[in-house]
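Chemist: Just passing along the structure, written as structure tokens.
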Amino acid sequence: MTTAETIALFEKHVIANYGRSPIVAVRGEGSWLWDADGKRYLDMFPGWGVNGIGHCHPRVVAAVREQVGRLMHVANVPFYIEEQGRLAQLIAERSFGGKTFFCNSGAEGNEAAIKLARRYAADQAAAGAHPIRYKVITAYNSFHGRTLTTVAATAQPKYHAGFYPLPPGFVHVPYDDADVVAKIIDNETAAVMVEPIQGEGGVNVPSPGYLPALRRLCDERGVLLLFDEVQTGVGRTGKWFGHQNWGVEPDIMSLAKALGGGLAIGAMVAKPHVAKSLVPGTHASTFGGNPVACAAGIAAFEAIEQEGLLANAVRIGEQIKTRMKAVAEKVGFIRDVRGLGCMIGVELDRPGADLVKRCMADGLLINCTHDTVLRLLPSMAATEAEIAQGMDILERALSAT
Ligand SMILES: Cc1ncc(COP(=O)(O)O)c(C=O)c1O
């Protein structure tokens, strides 16, 4: 099928809720993506962060091939699924010893986190610890997903427009300001929920004291701390989980994107005493934790570990930041270069959409978020030469602006 034919199919049959470019993706390998016309792109935003270890990583491909030929899907009732248990173990051993509920996307992971926070608070209230608590405090410029509840959690009015009434119980505060959270927490607050680094909101890295201060505050007030690690999780920032950069643990974290090495999977991980509140009948997902997605996740963890990709993510981040800071000296309209590991933002003093288009024409895929922030989420397995090539293209586009 030609590119024009595929686009025609979309125009006729697919809901136009995405702003697509006229490119039909047909093949991916590592940091590279090919379109239907044979053009090759260096992909520094692979799958919106899903392909954390690049397109079609051979270990993931092999694991999925083996698994789909043996067992594709069974439900969580009445069955135990070995691969699900093994992936949960990998997460627990590399994070805070939490127990995992598996789902299929980031929004679902956050839904599960919010439901668990409320259910845990309800159990505590039933035990007489405090009155009913249900409020969840979230931060301006957060992004937690597109279901109605996660839209309500997402503190950006542009995502609320036209969808009222939103589920109640969310309180929005400025990001990177623990003092305001201290003032807002009240006896109805069940949880505080933030991204360790805000992704869609502009790759906002909080100051060093923010997450530790939230942890102390939540402990003092008996409130749960939830980290949305959908974007920052599974090695992206150079640590297994973003919060490890600050040495603080959440009570609950959500995961998705890179968790399945390219396959759809989400997760909600909770400290065991909190996880206890999700008893049978309280929450579920038909596809959640299916053998194929979990086998892919296990392979992704093994790849990250055995190929030293956490260290590579750190190296890539430094390479990009060093280069972009040098470009900033030359072009004069780059306001800031920030981020950790393979999660980098380049903030401009002007909209970045045209730059993204120019890069695309020149064979480089990047993203622009929050209007002015170029966002790079390259594969953790990218080579120094690939990153240098991407930076050459980006520098060319920036210099021509
Ligand atoms: C931090 C964060 N949370 C949640 C989501 C929603 O994930 P999904 O699109 O898989 O539902 C995203 C997606 O970009 C995200 O970046």
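The values are calculated or read from the model by the stated rules, or taken from the named source; none is laboratory data. These figures come from a predicted structure and were not determined experimentally. Because the Cβ atoms are built from the backbone with ideal geometry, glycine has one as well, and the counts that use them run over all protein chains shown.
Chemist: For a quick check of your reading of the model, give me the residue pairs whose first member lies in the range 350-374 and is under 17 Å from Asn141 (Cβ atoms), whose second is modelled with pLDDT of 95 or more and aromatic (Phe, Trp, Tyr), with beta-carbon atoms closer than 7 Å and at least 6 apart or on different chains.
Modeler: Asn367/Phe45
Chemist: If you scan the range 96-107, which residues turn out to be over 18 Å from Val279 (Cα atoms) and touching a Gly at 6+ places or on another chain (Cβ under 9 Å)?
Modeler: Selection gives Asn104, Ser105, Gly106, Ala107.
Chemist: Here's a follow-up. May I ask you to verify whether Arg59 is of a type in the set (D, E, K, R) and either at positive phi or surrounded by 15 or more Cβ atoms within 10 Å (Cβ to Cβ) (or both)?
Modeler: Here the answer is yes, as Arg59 does meet what is asked.
Chemist: Inspect all residues belonging to the range 290-305 and state whether any of them is aromatic (Phe, Trp, Tyr), assigned to a loop (DSSP other than H, G, I, E, B) and in the same structural domain as Asn76 (by TED's automatic domain parsing).
Modeler: No, that holds for no residue.
Chemist: Name the single residue that is nearest to Leu226 (Cα to Cα) among those in the range 131-141 being surrounded by 14 or more Cβ atoms within 10 Å (Cβ to Cβ) and more than 15 Å from the ligand (Cβ to nearest atom).
Modeler: It comes out as Ile137.
Chemist: For the range 142-158, which residues satisfy the criterion of being within 11 Å of the ligand (Cβ to nearest atom) and buried (at least 19 other Cβ atoms within 10 Å of the Cβ)?
Modeler: Passing the criteria: Ser142, Phe143, His144, Gly145, Thr150, Val151, Ala153, Thr154.
Chemist: Of everything in the range 177-208 that's among the charged types (D, E, K, R) and surrounded by fewer than 20 Cβ atoms within 10 Å (Cβ to Cβ), which residue is nearest to Asp349 (Cα to Cα)? Talk me through it step by step, then tell me what you get.
Modeler: As a first pass, look at the range 177-208 and keep what is among the charged types (D, E, K, R): 177, 179, 183, 186, 188, 195, 200.
After this cut, where a residue has to be surrounded by fewer than 20 Cβ atoms within 10 Å (Cβ to Cβ) as well, the list is 177, 179, 183, 186, 188.
Working: Asp177: 24, Asp179: 29, Lys183: 33, Asp186: 38, Glu188: 40 Å.
Here the answer is Asp177.
Chemist: Shifting gears a bit: Filter the range 125-149 down to the residues that are outside any loop (DSSP other than H, G, I, E, B) and free of Cβ contacts under 8 Å to residues at least 24 places away in the same chain and list them by number.
Modeler: Of everything in the range 125-149, those that are outside any loop (DSSP other than H, G, I, E, B) and free of Cβ contacts under 8 Å to residues at least 24 places away in the same chain turn out to be Ala125, Ala126, Leu148.
Chemist: Report the residue count in the range 254-275 for those that are touching a strand residue (DSSP E or B) at 6+ places or on another chain (Cβ under 9 Å) and under 21 Å from Tyr120 (Cβ atoms).
Modeler: Residues that pass the stated criteria total 11.
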